[in-house]
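The values are calculated or read from the model by the stated rules, or taken from the named source; none is laboratory data. The structure presented is a predicted model; accordingly, all values stated were derived computationally and were not measured. Glycine also receives a Cβ, built like all others from the backbone with ideal geometry; neighbour counts cover every protein chain displayed. Protein only, heavy atoms only, side chains kept; ligands, DNA and RNA dropped before computing areas. Shrake-Rupley method; radii C 1.70, N 1.55, O 1.52, S 1.80 Å.
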Amino acid sequence: MRFLIQSGKTLLVSGPASLKLQEGEANVFGAPFKPQQRLIVKREKQFAIEIIEESIIEGDFGESATYLEIDDTTIPESWFEAANTFQKSNNKKLLVIGSTDTGKSTLCTFLVNHILKFKQSVALLDADIGQSDLGPPGTLGLSIINKPYIESDNLNLDSMIFVGKTSPSSVTEKVINGISKLENSVQKGTSIVINTDGWILDTEAIAYKLRMIRQLDPNMTIILNEGKEFYNIFENNLPFMRIQVPKFIKTRGREDRKKIREYHYKKYLKNAIHTNFSLNGIMMEGFLPNRIEGGEILGFLDLNGFLIGIGILEYINRRKQILRAYTNVNVRNVTSIECGNIRLMHDGSEIDWE
Ligand SMILES: Nc1ncnc2c1ncn2[C@@H]1O[C@H](COP(=O)(O)OP(=O)(O)O)[C@@H](O)[C@H]1O
Ligand SMILES: [Mg+2]
């Protein structure tokens, strides 16, 4: 299909689709949509192509794909305000908070792309362990970005921290400390945009996010929330902005979110093989003696406690001091192995706990 679209309009495309800008000028979430570049919109995603100069866009659409021409931008006014505030006050650290499907990841993309207009590089720190943009689910990821991006899947991963769970409630300290650790690895002076998990709607969650804010001490916390629940925690003068959830969100159901996680596990298990690890001199964490069944996600960590890669536990032979795993991690660099609370098949699909 070919679209001729006037400047100022937006083509909202929900995947699976493949797009090409034949002529004209367009942006996606603040990054240029380069002419002749092929832009893949995955099934679970939606891209808003903002037309700067009248454009011709060619699109191939999969079965469940949709497209919609809109007269305006789909980026809320308050997103521009947030970006401008950041620029004006030369803020270094931004924390993005919001429930699932409120546009957190997209806002991070938008902010990073905006900051890159006047900074050489920006650190994106992804702490959404349930729906990670960087790294497999159950991990925290860091990417130092120096050119605008549209699809986070294509970003370089600079460091990761293993958490081993996809919901934060029982690992809150681990998540917060992990963020601090990643943050400390970023060169001083670099702006940091931190994305977080979507657990915010009960008192425990609010307490957790408040602890996170206190410990990380961002220059600004951006809350994607229309509701009141979260507002109350900010009585103690922490700098924050409440901004709008976009009107055109593509929501995902529980099954969709599971599929997205599985796609990502699979990606990070690419080229995995059955590997034996000698446990001599290797630290082990999180292996609960009576609960090991095989299938558990493993984090292989380096000397500094950063995650090298994940794997799936096959078995442990304590007598021979051998752990066998399905992984693409090289035995040589591993200093410790952590056992997580997610169980996986070799193809990345999740196994439910009985
Ligand atoms: N401003 C926007 N315009 C168009 N689509 C958007 C916008 N914000 C988010 N979306 C789409 O809605 C979906 C959910 O947004 P996302 O940023 O992934 O939310 P979250 O990270 O909070 O779960 C994504 O497919 C995204 O592309
Ligand atoms: Mg997200």
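When segment 41-59 is examined, which residues are found to be part of a strand (DSSP E or B), open to solvent by 10 Å² or more (accessible area, probe 1.4 Å) and within 16 Å of ligand 2 (Cβ to nearest atom)?
Selection gives Gln46 alone.
Quick one: how many residues across segment 315-349 are in contact (Cβ under 8 Å) with a residue 60 or more places away in the chain, over 19 Å from Glu262 (Cα atoms) and charged (D, E, K, R)?
The total comes to 1.
So which pairs qualify, if the first residue must be in segment 105-127 and farther than 12 Å from Pro148 by Cβ and of a type in the set (Ser, Thr, Tyr), the second must be open to solvent by 10 Å² or more (accessible area, probe 1.4 Å) and within 16 Å of ligand 2 (Cβ to nearest atom), the Cβ gap must be under 8 Å, and the two must be at least 6 apart or on different chains?
Ser105/Asp128; Ser105/Gln131; Ser105/Asp133; Ser105/Ser152; Thr106/Phe29; Thr106/Pro246
Is there a residue in segment 6-22 that is at pLDDT below 95, exposed (fewer than 15 other Cβ atoms within 10 Å of the Cβ) and either in contact with a helix residue (DSSP H, G or I) (Cβ under 8 Å, 6 or more places away or on another chain) or not in a strand (DSSP E or B) (or both)?
There is no residue in segment 6-22 that is at pLDDT below 95, exposed (fewer than 15 other Cβ atoms within 10 Å of the Cβ) and either in contact with a helix residue (DSSP H, G or I) (Cβ under 8 Å, 6 or more places away or on another chain) or not in a strand (DSSP E or B) (or both).
If I filter segment 79-96 for residues that are open to solvent by less than 40 Å² (accessible area, probe 1.4 Å), touching a Lys or Arg at 6+ places or on another chain (Cβ under 7 Å), assigned to a strand (DSSP E or B) and modelled with pLDDT under 95, do I get at least one hit?
Filtering segment 79-96 for residues open to solvent by less than 40 Å² (accessible area, probe 1.4 Å) gives 79, 82-83, 86, 91, 93-96.
Cutting the leftovers down to touching a Lys or Arg at 6+ places or on another chain (Cβ under 7 Å) gives us 96.
Then drop every residue that is not assigned to a strand (DSSP E or B), which leaves 96.
Right, trim to modelled with pLDDT under 95 and you get none.
The answer is no; no qualifying residue exists.
Test each condition in (1) within 21 Å of the chain's Cα centre (by Cα); (2) farther than 23 Å from Pro137 by Cα for Phe277 and report the one that comes out false.
Of (1) within 21 Å of the chain's Cα centre (by Cα); (2) farther than 23 Å from Pro137 by Cα, only one is false for Phe277: (1).
Among the listed residues Ile129, Ile179, which satisfies the condition of being within 16 Å of ligand 1 (Cβ to nearest atom) and open to solvent by less than 10 Å² (accessible area, probe 1.4 Å)?
Working: Ile179 fails: within 16 Å of ligand 1 (Cβ to nearest atom).
That would be Ile129, the only listed residue that is within 16 Å of ligand 1 (Cβ to nearest atom) and open to solvent by less than 10 Å² (accessible area, probe 1.4 Å).
How many residues does segment 274-293 contain that are outside any loop (DSSP other than H, G, I, E, B) and among the charged types (D, E, K, R)?
Of the residues in that region, 1 qualify.
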